[in-house]
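K.L.:
Take a look at this one; I'll ask things after.
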Amino acid sequence: MKLGRREALKVGVGAGVLAVTAPAIVQAQAPLKLPLSTVWPDGNFHTINCKRFAEEVKKATSGAVDIEVKSGGQLGFKGPEQLRAVRDGLVPMADILNIQQVGDEPMFGIEGIPFLVGNSDELKVLHKHIRPEFEKIALKNNQTILYTVPWPTQYLHLKVKAETVDGLKNVKIRVPDKNSQDMCSAIGMAPALIPWGETIAALSSGAVAGVSTSAVSGVDGKFWEFLKFFHATNHQWSSQIVTINNDTWKKIGPANQKAMVDLARKLEPEFWASSLEADKNSAKRLTEGGMQLVVPPAAMMDGLRKRTANMLADFMKRVPASEKPIKAYLVEMKRA
């Protein structure tokens, strides 16, 4: 049963208030219980990472901080609501998909600029330049970033096989964010902006005939029950950002704060590696389920890049704060 937002607030913060206001002897006995909201199911590698972090935090703090991962959206918050939920203290922690927060913070859409990043090594360079900006955004929204983990490469999961840009024309496709929506419109598709929690229903009803997402999400959604092909267009990137509400953060002692920060720094590279592994495993599972991996011809990829080329300049114009980190990234990648 899903908890409403107010119930989530009571569950998430109640134990924290008790731990802060109780006498020292009780405080030592009762851990600070912190629900962590995520929309992804238990089998998703991001959720597995969250649980690993929670286990390690509990050990490192001798049980003083007890993070409880609430998977599958069970606390009632949809993906685009996660940033606000932590900001407003409705839940103390969340695993937030950055590109879904662009309605509140447009800068979080920077990874979703089509073809800005070609592989995970390039993404690491981009993160070097944008992480400080993300930290500022988190602080403005009353939270602290603990770690970030990218999704693997993105695919176009479709009922039809497309080997030209025109082969995508008018295909109704679910997209997770505005950049994806603009990209799919530019290449002639018919995009619909739909949260993950409503995607399977949209596929089942025929409201969409495709999904722009990772192979990992394809496995989560058992896309082989609805779709036939997944196209390795590698058109965009996105990341999950695990944050903690700053009012909650202040209730954690300095030593335990340091332990959590140190753990996040230590585990983040491992979590990035798990993303690459999850992509390989998930692509294999999709093919085992009956879907066919399509490697788009070079001419098709050139066409996709040309039709979306203006989106980089448009993003920098729309989000002026993005210009400096993007240009620094392009210089480092020798693409300026």
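The values are calculated or read from the model by the stated rules, or taken from the named source; none is laboratory data. What you see is a predicted model, and the numbers here were worked out from it, not measured in a lab. Cβ placement follows ideal geometry from the backbone for every residue including glycine, while neighbour counts extend to all protein chains displayed. Quick note on the areas: whole protein, heavy atoms, side chains included, nothing else; ligands and nucleic acids left out. Shrake-Rupley method; radii C 1.70, N 1.55, O 1.52, S 1.80 Å.
K.L.:
For region 35-62, how many residues meet the condition of being open to solvent by less than 20 Å² (accessible area, probe 1.4 Å) and farther than 21 Å from Ser238 by Cα?
P.N.:
4
K.L.:
Still on this structure, please answer the following. Which pairs turn up if I take residues in region 82-97 that are in contact (Cβ under 8 Å) with a residue 60 or more places away in the chain and on the phi > 0 side of the Ramachandran plot and look for partners that are open to solvent by 20 Å² or more (accessible area, probe 1.4 Å) and among the charged types (D, E, K, R) with beta carbon separation below 8 Å, at least 6 apart in sequence or on another chain?
P.N.:
From region 82-97, the pairs are Gly89/Asp247.
K.L.:
One residue is enough: does region 200-208 have a residue meeting the conditions among the hydroxyl-bearing types (Ser, Thr, Tyr), in contact (Cβ under 8 Å) with a residue 12 or more places away in the chain and under 18 Å from Gly79 (Cβ atoms)?
P.N.:
no
K.L.:
For the condition touching a His at 6+ places or on another chain (Cβ under 9 Å), among the charged types (D, E, K, R) and open to solvent by 10 Å² or more (accessible area, probe 1.4 Å), what is the one hit in Lys161, Lys169?
P.N.:
Lys161
K.L.:
Would region 153-171 turn up any residue that is closer than 21 Å to Met301 by Cβ and modelled with pLDDT under 95?
P.N.:
Scanning region 153-171, I find at least one residue that is closer than 21 Å to Met301 by Cβ and modelled with pLDDT under 95, so the answer is yes.
K.L.:
Name every residue in region 129-141 that is open to solvent by 20 Å² or more (accessible area, probe 1.4 Å) and under 18 Å from Gln240 (Cβ atoms), in order of residue number.
P.N.:
Selection gives Arg131, Glu133, Glu135.
K.L.:
Count, please, the residues in region 28-57 that happen to be in contact with a Ser or Thr (Cβ under 7 Å, 6 or more places away or on another chain) and not in a helix (DSSP H, G or I).
P.N.:
Residues meeting the conditions: 5.
K.L.:
Residues to consider are Ala215, Ala201, Ala207, Ala186; find the one that is within 30 Å of Ala298 (Cβ to Cβ) and surrounded by fewer than 24 Cβ atoms within 10 Å (Cβ to Cβ).
P.N.:
Only one candidate passes the filter, namely Ala186.
K.L.:
How many residues, within region 85-109, are crowded, with 21+ Cβ neighbours inside 10 Å and outside any loop (DSSP other than H, G, I, E, B)?
P.N.:
Qualifying residue count for the region: 13.
K.L.:
While we're looking at this one, here's another question. Right, Pro152: of a type outside the set (A, V, I, L, M, F, W, C) and assigned to a loop (DSSP other than H, G, I, E, B) or not?
P.N.:
Considered against the rule, which asks whether it is of a type outside the set (A, V, I, L, M, F, W, C) and assigned to a loop (DSSP other than H, G, I, E, B), Pro152 comes out as yes.
K.L.:
Could you list, in sequence order, the residues of region 110-128 that are under 13 Å from Ser239 (Cβ atoms) and open to solvent by 10 Å² or more (accessible area, probe 1.4 Å)?
P.N.:
Scanning region 110-128 gives Ser120, Lys124, His127.
K.L.:
Look at Ile137 and say whether it is on the phi < 0 side of the Ramachandran plot, assigned to a helix (DSSP H, G or I) and modelled with pLDDT under 95.
P.N.:
Judged against the criteria, Ile137 is not a match.
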